[in-house]
1. Checking residue 298 against (1) within 26 Å of residue 7 (Cα to Cα); (2) under 18 Å from the mean Cα position of the chain (by Cα); (3) not in a helix (DSSP H, G or I), which single condition isn't satisfied?
2. Quick one: would you say residue 111 is out of contact with any helix residue (DSSP H, G or I) (no Cβ under 8 Å at 6 or more places or on another chain), over 21 Å from residue 218 (Cα atoms) and crowded, with 19+ Cβ neighbours inside 10 Å?
3. For the list (1) over 21 Å from the mean Cα position of the chain (by Cα); (2) at pLDDT 95 or above; (3) more than 18 Å from residue 73 (Cα to Cα), I need the number of the one condition that residue 29 fails.
4. Every residue in region 221-247 that is surrounded by fewer than 16 Cβ atoms within 10 Å (Cβ to Cβ) and under 23 Å from residue 29 (Cβ atoms), please.
5. Within region 1-114, considering only helices (runs of 4 or more DSSP H) that don't extend past its boundaries, which have at least 3 residues that are free of Cβ contacts under 8 Å to residues at least 40 places away in the same chain and more than 20 Å from residue 309 (Cα to Cα)?
6. Of these, 77, 44, 52, which one is in contact with a strand residue (DSSP E or B) (Cβ under 7 Å, 6 or more places away or on another chain) and at pLDDT below 95?
7. Just checking, which of 151, 94, 82 is farther than 26 Å from residue 229 by Cβ, surrounded by fewer than 24 Cβ atoms within 10 Å (Cβ to Cβ) and modelled with pLDDT of 95 or more?
8. Within region 169-186, does at least one residue satisfy the condition of being farther than 30 Å from residue 14 by Cβ and at pLDDT below 95?
């Protein structure tokens, strides 16, 4: 049984239902993204999505890859020296929308609280750039950051990945590839309500098809837009839950929301990792919706989750070997 949603969360969900275009009804995806950006940059939006922590220094860098250049936001803790551990963070948005800015509240809070540098790269979005564009962008961005760690002031021996929703999918894929492709070695993975199965609807989605923020219809539309002509492939690069082996993966912290159709995605991924002997911390946050960690102004549990992530990263990534 899910806990009741806080009044602020319910009010926000009702407002979004009135103002936001559902992805399954959208035809202009550039406008869909612009709509989201306008909301984030509005005075009410800044209250909802939170402001970056002032204890960090934020800069923007370019990540030049073959045939394209990605943008990344770097959150550096102040008052610390030497090469710093790093968390590479992939934003959510259903592979169709979103940007590094939308996770600035969490990323900056993590940097300030743990002493790690948080690097949030962009990646190409669907449907203009369908699967596997986002997979390749995030994987190559991770490799670029690891290869240039010294120049970026980072410790290549203390790296982790993090992502929420679609970004959790991409972080899980990157963690799997770090093992199957021989690096970059990762100390940990933080998966926030990750979408690890592209097609199957688990019990939570059947039980909660019309929850606020993300519905079953939304998720189906995102999957079709992201996969494009590859829709139906069982490749674990699309659905990391379908991997044939989870052996040797880095320790994971999986966070889920109790009013989220994707709740069981996190549950099943936890079980798959545990069967392989991977250390897993798991927490389901009561009274929360999909996306709650990015909504500190309307979801009181966001601060609690951010503190949990800080503690996990401090214990698994920041500490020297």
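The values are calculated or read from the model by the stated rules, or taken from the named source; none is laboratory data. As the structure is a prediction and not an experimental result, all values here were calculated from the model. Here the Cβ is made from the backbone with ideal geometry for all residues, glycine too, and neighbour counts use every protein chain on show.
1. Going through the list (1) within 26 Å of residue 7 (Cα to Cα); (2) under 18 Å from the mean Cα position of the chain (by Cα); (3) not in a helix (DSSP H, G or I), residue 298 breaks only (2).
2. Working: out of contact with any helix residue (DSSP H, G or I) (no Cβ under 8 Å at 6 or more places or on another chain): yes; over 21 Å from residue 218 (Cα atoms): yes; crowded, with 19+ Cβ neighbours inside 10 Å: yes.
Answer is yes for this residue.
3. (1)
4. 228, 229, 230, 231, 232
5. Details: elements: 7-19, 29-41, 43-49, 104-114.
Passing ranges, in order: 7-19, 29-41, 43-49.
6. Details: 77 fails: at pLDDT below 95; 44 fails: in contact with a strand residue (DSSP E or B) (Cβ under 7 Å, 6 or more places away or on another chain).
Selected residue: 52, the only one of 77, 44, 52 that is in contact with a strand residue (DSSP E or B) (Cβ under 7 Å, 6 or more places away or on another chain) and at pLDDT below 95.
7. Numbers: 94 fails: farther than 26 Å from residue 229 by Cβ; 82 fails: modelled with pLDDT of 95 or more.
Only one candidate passes the filter, namely 151.
8. Within region 169-186, one or more residues are farther than 30 Å from residue 14 by Cβ and at pLDDT below 95.
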